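So that we are looking at the same thing, I have put the structure below in structure tokens.
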Amino acid sequence: MGVSWVAAASMSPEISRRPVAAQIEREFSGVVAWYGTATKAWWAMVRVRGGLRLVEAAGPSELREAIVTARGWPWPR
């Protein structure tokens, strides 16, 4: 069962973003995702050939794209 809108509205922004990060982690095995309250950006630690890569994105959708293309991230904007 998901978090209701009323419950989500009363949570701190960090707590309400955690379910989104957890969903991303379920979608991509081995990825650790989070929202940086100081940077106001989404982040993920992604395994790539030869090690790990830290990627940053403006939102969850962009973070998913960054995870899929982590070897070539960041792309030109």
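Of the conditions (1) modelled with pLDDT of 95 or more; (2) in a loop (DSSP other than H, G, I, E, B), Arg77 satisfies every one except a single condition; which number is it?
Single failed check for Arg77: (1).
Another question, then. Conditions: (1) modelled with pLDDT of 80 or more; (2) part of a helix (DSSP H, G or I). Ala38 meets all but one. Number of the miss?
So the condition that Ala38 fails would be (2).
The values are calculated or read from the model by the stated rules, or taken from the named source; none is laboratory data. Note that this is a predicted model, so its numbers are computed, not measured.
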